[in-house]
Structures are given as C-alpha cells and as structure tokens.
C-alpha cells in the first residue's frame, strides 16, 4: 500500500508537508501542494481511514436514514433523486454514505445505536415517521442531523417549498377558469399540510369556495388509492372539472380509472400532479405538475450536515427552502 512516506520520498519534501497538503492546510506553497497532489494521484494513494479517524476523530462517513413506507425502496423516483444528490455531494466533499437501519446481522439496533456502530459523523433523515421514539431519540442525541421536509426545534432542515408549490399549482388551475377543483391529498404530514395551506390561500384569493365533497384522502405514491378517489369524485352528482393528484406517480392510477370510465383528459376533466418526475413529461397528454428540485435538496442537505460536522454552523437552527417550478403541460383545459 502506498503511504505518505512514499509520496514524500518521490516529491523530495517532508512527510509533514505531504500530510498538510492532503489534509487541506493552506500554509504550503501552491506549487508544492500541486506536486504532492499530482504525485498522490499518480501513485494511486488512498488515505488510511482508520488512521485518519484516530487523528481527527472523524470517520468521514455520513448516515442516511430513509424508511420508505410505500415499500418502493430506491425505485421511488422523488426520493431516489434526493439520495442521488446526497451521494454525489458527499463524495465530492470526501465523505462516504451508509444507510442506517435496525439490523446488523442478527442484532437489532436502534437508529442511534446503528449510527454509532458505523461511526457516522452525522445523519441525513428523510421519509420517516419523525414522531417515532427511535427517530426522536436520534434527533435529541449529540449526533449532527439534517432533516429533509421536516422542521424540528433547534435543528437544520432542508425543505421543498411546498407552500409555494401548492399555491402556485392551484393558482394556475384557477387562472384556467376552473372553480370546481378537487384535491386528492396524501397522508397527514407536514408536507401535506403545507401544500393544503397553499391550496386554501389560492382559493381564498380568487374567492372560490372549497367544497368538502371534493377533498379526498389518498396515499402518496399509491396509484390504487388515487384510482378509487378519482372514481368517487367523478360519480358525484356535481363532479369537479379539475382534480389535483397527490403526486405524478399516483396520478397513473387516476389516469387509468378515468380512461376506464370513458372520461377524456383534458376535454372532460383537467388534472395535475406533483413532483415533476421525468415520467410525467412523456405521458400524453403531458401532465401539468410542480417540479421539486430533489437533487438540489439532496446536495444542500449534505452541505449543511458537513458544515455542522466541521464546525461551521454548529448549534445553528436553520430551515432552508429549495424552490421548485411549474411544469405547464397540456392536461389542464382552459374553460
């Protein structure tokens, strides 16, 4: 294995100079630093993480806690994109990623125990029940944490701007002349509450009453629940002219149900989605939806976590909003 002594010998500089360059100290001249880095690359030098851990008390390993209740795993388009952004940014900044769970072989550990077992410097948490005892234990521990789409006291969270998303998407439908607007909402989470707050704000601004029979319960990323909700809505004595689905993937169930009922999109019913996944843009008619910048959410989450780990924003409470945008398809008819 190549060591810093090998690099030192080839460059003709001291071991301490090589160590300072490879650990990011800026007191070495740029010419010498570049020579050391170039030589390290040529020799395929790989840092000794065990030694680095003893010296810096950091493993350069970030935990990711991701419990997907829809059982879609990494095929969940929105969260898979977040996790991809998380991984790319961590690698760019010199950190590895470890998924946090509850099982190590036959041993059952808490999330906090798993983090400590894997010597994680910090954890990004997404798509979990934030009120569960194990998650609360982790949030209250001394392990640096950044949460995605969930704000907690004195912590750092990175949020998609769901209030603006819900508001802007509803406003667009209203501007097309619709007043009989139905919503199939996801589970009762902070995300859902913010989107519904945006919906209510837009309806109030346009002076359009919200009809309770048009407010339907659904499940995120679940086409079957959206299919049933769409059927119920279109069988009403006075059905809506527009249906807002909880997300693009769930819309697939509604689309199939509407086709089965012989109802044309957008001629007889206008529809919207949410998330802006690539699939939504190849459907015909192309789905009008709200794009969430999932990759940016993943990148920012890791940046904020590493800032905390390295002491740049230690003890700071912060809520970072990542903006999205309207993707105007042709699934909403102007009436």
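The values are calculated or read from the model by the stated rules, or taken from the named source; none is laboratory data. All figures in this text were calculated on a predicted structure; none of them were measured in a lab. Don't worry about glycine lacking a Cβ; one is built from the backbone with ideal geometry, like all the others, and counts go over all protein chains shown.
Screening residue 151 against (1) crowded, with 21+ Cβ neighbours inside 10 Å; (2) modelled with pLDDT under 90 leaves a single unmet condition, (1). Of the numbered criteria (1) over 14 Å from residue 146 (Cβ atoms); (2) in contact with a strand residue (DSSP E or B) (Cβ under 7 Å, 6 or more places away or on another chain), the one residue 304 fails is (1). Checked against the criterion of being touching a strand residue (DSSP E or B) at 6+ places or on another chain (Cβ under 9 Å), modelled with pLDDT of 80 or more and under 25 Å from residue 311 (Cβ atoms), the candidates 95, 78 yield just one match: 95.
For residue 125, the requirement of being farther than 30 Å from residue 46 by Cα and in a strand (DSSP E or B) is not met.
For every residue, the table says whether it meets (1) modelled with pLDDT under 95; (2) under 30 Å from residue 141 (Cα atoms); (3) not assigned by TED's automatic domain parsing to the domain that holds residue 95.
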residue: 266; (1), (2), (3): no, no, yes
residue: 270; (1), (2), (3): no, no, yes
residue: 279; (1), (2), (3): yes, no, yes
residue: 288; (1), (2), (3): no, no, yes
residue: 308; (1), (2), (3): yes, yes, no
residue: 315; (1), (2), (3): yes, yes, no
residue: 318; (1), (2), (3): yes, yes, no
